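Undergrad: Structure provided below as structure tokens; questions to follow.
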Amino acid sequence: MAVNNINDISFNDRRKFAVKLIDDMLQTLTPENAINNVFNVNINMYKNVYLIGFGKASFRMYSGIRPKIINKLRYAGIIVPEDEVIGHNFTELRIYRGTHPYVSNTSVNSSIELLRPLKNLNEDDLVIVLISGGGSSLFEIPEDNVSVDDIMEISKEIMNSGGNIYDLNIIRLGLSSVKGGKLASYLYPAHVKSYIISDVFYDDLGIIASGPLVREDYSDDVQKISEKYVKNPGLRDFINKNYRKNSLDMKYYERIENIIILKNKDFVDYLYKNLDSNSVSLGSNINGDVNDVSNYLINILRNIYSVKRSGFWFVCGGETTVNVKGNGIGGRNEELCMKMLKLYNNDEQFLFLSIGTDGIDGLSPAAGGIVDNFTKIENIDDYLKNNDSYNALKPGNIIMTGRTGNNVSDIILGYYNKFNNF
């Protein structure tokens, strides 16, 4: 069972159905299955096979690919979150630890050690790279004149000011010597197969884990992002002085192949296929501030109802942002649930569930939240003002999974009707 508190929050039939469907989704669309279905490389073509990985799903990705490469494997190492519990390990696998959501010296030291065995690669070697969400903070070696503290301070400013994953990673990749395609210089001249679980809307390879093996130029966006989300003038000046575009020759990319094996749309499609024929999919690229997204969703649900004139399930995915002003405990999924709860009218019958597929919503221990007509929160505005959605929703309206070892960003599942039609 993926949802640990399924009995505590499934106190009516509609909740029971929704939470059970989310639980089935998390148990079916796994990193192990995804990479096992895609990996078809003839490893006997290569003299040596090396593997590195970083991100929240790296251990489960390795577990899935291991049987197909173990006999040829010369080295395997991954970086996982420092609080991820590994129930069992493989003797050949080196597990390093990093921090999330902010980079630290722990991440940098682990990244240096991760790459150390790859210093003498040849053209007849294969390097398998397992990339998933969280990789931007878990895997990092800063550019010269850039410190871990610099990156951490800048990241906090962008995240707390409502910047999204594109804004954050476009800045981070220019301050790093291993992001924005720069990892290619460490792996040349070997052949490289990169297997990726996407946690960003639109599945931009240059943004997932800050695109370590993708040569994209986002420099035109840097000033706009910096001015909008970095409030400290000193940090803005620092970015302008130290941001480094990728200047590697294209020869470094001739033997690199990037393959997305799992994405948010796969999860949205899974849910949609398991709902009735009257259901609606709103896609997998929902993004923006929780205030804007909640207003968008409530309006589109009301418009759909005006056409259908009957109750319907809906599903969508993506990633919202929160402009953090308080010091409470919570995350974007829980806050979105509370925003939606405020917007529903008394004549509307509803259920709204939103979770982060990695199992950790913001700085809270919950994966997300679930609200419906039975959810009552006193002083809801005070909780929202303090960004304290976790304490507002617990215990009967939070979804607990712990770290899932997966990450395709956020999933929303809900039901909408009018009371005179149920």
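Undergrad: Can you give me the convex hull volume of the Cα atoms of segment 307-359, divided per residue and expressed in Å³?
TA: Numbers: hull volume 6.6 nm³, N = 53.
That works out to 125 Å³ per residue.
Undergrad: Now for a different question. Roughly what % antiparallel, to the nearest 5, for the DSSP beta bridges in segment 39-262?
TA: 5
Undergrad: May I pose another question? For a quick check: sort D292, D269 by the number of other beta carbons within 10 angstrom, fewest at the front.
TA: D292, D269
Undergrad: Run the reach check for K342 against lysines, Cα to Cα strictly under 26 Å, same-chain hits fewer than 8 apart removed. What comes back?
TA: Within reach: K16, K20, K308, K325, K376, K385, K394, K418.
Undergrad: If each of S306 and E348 carries a label point 7 Å out from its Cα toward its Cβ, how far apart are those two points in nm?
TA: About 1.3 nm, to one decimal.
Undergrad: Whole-Hz ³J(HN,Hα) for each residue in segment 23-36, computed from phi via Karplus 6.51 cos²θ - 1.76 cosθ + 1.60 with θ = phi - 60°, x for glycine and proline: what do you get?
TA: Working through the residues one at a time gives 4, 4, 4, 5, 7, 8, 8, 9, x, 4, 5, 4, 6, 5 Hz.
Undergrad: Ranked by Cβ crowding within 10 angstrom, fewest neighbours first, how are T30, T401 ordered?
TA: The order, fewest Cβ neighbours first, is T30, T401.
Undergrad: Then there is this: Count the DSSP beta bridges whose two residues both fall in the chain, then state the antiparallel fraction as a percent rounded to the nearest 5.
TA: If I count the DSSP bridges inside the chain, around 40 percent turn out antiparallel.
Undergrad: Quick one: 3J(HN,Hα) in Hz for segment 390-401, Karplus 6.51/-1.76/1.60 with θ = phi - 60°, rounded, Gly and Pro as x.
TA: 4, 5, 5, 8, 6, x, x, 10, 10, 10, 10, 10
Undergrad: Right, another one. Below 15 Å, Cα to Cα, which aspartates and glutamates can K224 reach? Residues fewer than 8 away in the same chain don't count.
TA: Filter leaves E157, D167, D237.
Undergrad: Going by how many other Cβ atoms sit within 10 Å of their own, how do H191, H88 line up, fewest first? Don't jump to the answer; show the numbers that get you there.
TA: Details: H191 21, H88 6.
Lowest to highest Cβ neighbour count: H88, H191.
Undergrad: Right, something else. Anyone know which of P117, P81, P31 comes out most mobile in the 10 Å Cα GNM of the chain?
TA: The residue with the greatest mean-square fluctuation here is P117.
Undergrad: Per residue, what volume in Å³ does the convex hull of the Cα atoms of segment 39-262 enclose?
TA: 115
Undergrad: Going Cα to Cα from K265, which lysines come in below 19 Å? Please leave out same-chain ones fewer than 8 positions away.
TA: K265 reaches K56, K273.
Undergrad: Select from M152, M45, M400 the residue whose mean-square fluctuation is largest in a Gaussian network model of the chain (Cα-Cα springs shorter than 10 Å).
TA: Residue with maximal mean-square fluctuation among M152, M45, M400: M45.
Undergrad: Okay, helix-only estimate at 222 nm for the chain: each DSSP H run of n ≥ 4 adds -39500 (n - 2.57), divide by all residues, round to 500 deg cm²/dmol; what do you get?
TA: Working: 16 runs with 155 residues, N = 422.
Theoretical 222 nm ellipticity from helices: -10500 deg cm²/dmol.
Each reported figure results from applying straightforward, stated rules to the coordinates on display, with no laboratory input. Bear in mind that the values here come from a model prediction, so they are computed numbers and not experimental data. Cβ coordinates were reconstructed from backbone atoms using ideal geometry, including for glycine residues, and neighbour counts include every protein chain displayed.
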